[in-house]
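Structure first, commentary second.
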Protein chains: 2
Amino acid sequence: MISDKKTSLTNKEAFVRRITKEILSGKWKPGDRLPSERELAAEMGIGKTVVHSGFEQLATMGLVHIKPKSGTFVADYMKIGNIETLNAIVQLNGNELGRDVVKAILDLRLAIEGEALRTLCLCRSTENIVHLRSITKDIRDIADNIGVEELAEHFFIWHREICILSGKSVLTLFMNTTHDVSIAFWANYLRMYGASFAIDRLEQFTDLIEARDGEGAYNLLASGIADYLARLDSNAGS
Amino acid sequence: MISDKKTSLTNKEAFVRRITKEILSGKWKPGDRLPSERELAAEMGIGKTVVHSGFEQLATMGLVHIKPKSGTFVADYMKIGNIETLNAIVQLNGNELGRDVVKAILDLRLAIEGEALRTLCLCRSTENIVHLRSITKDIRDIADNIGVEELAEHFFIWHREICILSGKSVLTLFMNTTHDVSIAFWANYLRMYGASFAIDRLEQFTDLIEARDGEGAYNLLASGIADYLARLDSNAGS
DNA sequence: GCAACCATCTGGTCCGACCAGTTCAATTTT
DNA sequence: AAAATTGAACTGGTCGGACCAGATGGTTGC
């Protein structure tokens with residue numbers, strides 16, 4: 001479920017990756033007009049249909065803006081883009097996440113999960129607590145025997161469980177769309193803090209939810225995020 | 001900016017609308033296997049490429065799941081879909097929003113804007129307050145002379161401004177992706193409460209931000225949403 | 001100097017052919 | 001009779017070339 005290695009790229013995938021890389025690397029800047037579909041198709045030796053389909057995909061990611069009968073332009077993706085843009089950045093850069101991207105992910109987690117925590121604290125049942133303690137124990141049992149990427153997947157699932165239990169399905173929806181980006185974050189986090197520390201925090205969250213302390217749970221999340229960002233900045237300065 | 005009337009549909013648009021309608025109406029249920037691309041193409045008298053492109057679009061909306069070389073299946077869109085799914089529902093149903101969709105939008109607004117309000121209360125400048133009062137006055141000045149749809153656009157922009165001023169750009173990103181869905185909501189809200197009441201609330205928000213009362217601003221948002229949902233339910237029962 | 005014009009370029013749509021992986025029933029082997 | 005093998009008939013994925021209509025920008029005619 002985790003590995004999704006692509007050994008051979010299709011022409012369309014190759015095209016999308018190339019343009020994405022060129023835009024994010026700064027070769028093309030927001031407002032620039034990209035070469036025409038025919039031009040790019042001829043240059044890469046592929047069909048115009050493929051280029052067109054690729055541009056459509058880039059447009060849904062918010063990286064480009066298609067102006068019919070006129071041209072395709074690089075969008076101001078940091079302003080008008082959506083979460084797909086973040087996913088694209090992560091998929092391209094792998095584990096080398098820029099500070100801005102990490103900050104964006106954490107801002108989002110605080111908003112979505114913070115609200116989920118507040119809601120869950122208001123409506124949590126005894127079964128919810130038992131369930132959370134159970135999956136936390138599962139993670140602790142296997143933490144030493146699996147890789148950091150797989151462990152990151154479990155942390156993602158744990159936090160998504162908070163959204164599911166809160167009953168606000170739209171929060172879960174959003175968590176799903178941040179999957180790729182979240183995995184990359186958790187992998188970084190686990191490498192920095194270690195698995196034991198991270199799992200302890202899961203138990204602290206559960207305690208606060210059991211005590212129906214919404215503010216406390218929110219503050220634990222917020223302070224953890226602030227601490228992580230501070231460490232990131234101090235490491236960058238070293 | 002608001003009107004986006006399509007007088008003539010392309011084959012692809014017609015196909016996407018048809019399948020979307022059939023899925024949301026319940027003709028196809030999650031897990032069902034849809035007819036093959038060739039079958040649908042022949043039935044509608046269009047090219048297979050068009051059907052394929054349409055399925056790709058439906059897949060990005062989270063409505064279907066494409067299993068290569070095997071078939072296209074209806075996705076459990078309420079669980080694995082994303083915000084595009086909500087937009088699709090709104091575009092199909094127009095102003096006739098189901099209760100579940102409205103609830104989802106409001107859950108989302110509370111999470112995103114609630115966080116933006118808290119953040120803004122911590123970092124607001126005097127200029128921010130002046131700016132908010134200025135655009136609020138602008139809305140009040142023109143409220144009586146424009147239609148409810150256009151007014152809804154202004155309310156959307158006002159609330160997006162909260163995200164922008166908070167400095168957390170990812171929240172603005174998410175607000176952008178909810179544009180269509182938000183406009184539909186505000187139009188409903190304004191018809192229910194009237195413009196005057198809604199604009200008064202904008203001023204109350206500004207007062208609380210000026211007082212750096214993050215909890216108060218959050219509670220104003222939350223109570224407003226709860227009240228709206230309660231009115232919605234009581235109307236449904238009449 | 002200005003307005004009308006038109007060749008050219010753009011993205012949008014569409015088709016029919018081909019590719020490669022999946023599926024499953026008929027066939028062969030054990 | 002049961003299990004393994006095969007292979008034909010599907011599936012979605014790719015592709016290039018054709019055509020459309022709107023945008024563009026230089027040229028022509030006034």
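The values are calculated or read from the model by the stated rules, or taken from the named source; none is laboratory data. Note that this is a predicted model, so its numbers are computed, not measured. A quick note on method: Cβ atoms are made from the backbone with ideal geometry, for glycine too, and the neighbour counts reach across all protein chains shown. Only protein heavy atoms, including side chains, enter the accessible area calculation; ligands, DNA and RNA are left aside. Shrake-Rupley method; radii C 1.70, N 1.55, O 1.52, S 1.80 Å.
For this structure, a couple of remarks:
- Selection of segment A:59-73 for residues being open to solvent by 20 Å² or more (accessible area, probe 1.4 Å) and among the polar types (S, T, N, Q) yields A:Thr60, A:Ser70.
- Selection status of A:Met78, at pLDDT below 85, open to solvent by 80 Å² or more (accessible area, probe 1.4 Å) and away from DNA strand C (no atom under 12 Å from the Cβ): yes
- Check on B:Leu208, open to solvent by 30 Å² or more (accessible area, probe 1.4 Å) and out of contact with any Cys (no Cβ under 6 Å at 6 or more places or on another chain): yes
- Taking residues in segment B:220-238 that are in the same structural domain as B:Gly114 (by TED's automatic domain parsing), and partners anywhere that are aromatic (Phe, Trp, Tyr) and at pLDDT below 85, not one pair has Cβ atoms closer than 8 Å while being at least 6 places apart or on different chains.
- Residues within segment A:21-52 that are in a loop (DSSP other than H, G, I, E, B), more than 13 Å from chain B (Cβ to nearest Cβ), within 13 Å of DNA strand D (Cβ to nearest atom) and not β-branched (Val, Ile, Thr), tallied: 2
- Pick from segment A:16-43, criterion touching a Leu at 6+ places or on another chain (Cβ under 8 Å) and closer than 19 Å to A:Lys67 by Cα, ranking: most open to solvent (accessible area, probe 1.4 Å): A:Trp28
- Looking only at segment A:87-106, and only at residues there that are open to solvent by 10 Å² or more (accessible area, probe 1.4 Å) and at the interface with chain B (Cβ under 9 Å from one of its Cβ atoms), the one that is modelled with the lowest pLDDT: A:Asp100
- So A:Arg18, is it away from chain B (no Cβ under 14 Å), at pLDDT 85 or above and away from DNA strand C (no atom under 15 Å from the Cβ): yes
- Filter pass, B:Phe55 being modelled with pLDDT of 90 or more, in a helix (DSSP H, G or I) and not charged (D, E, K, R): yes
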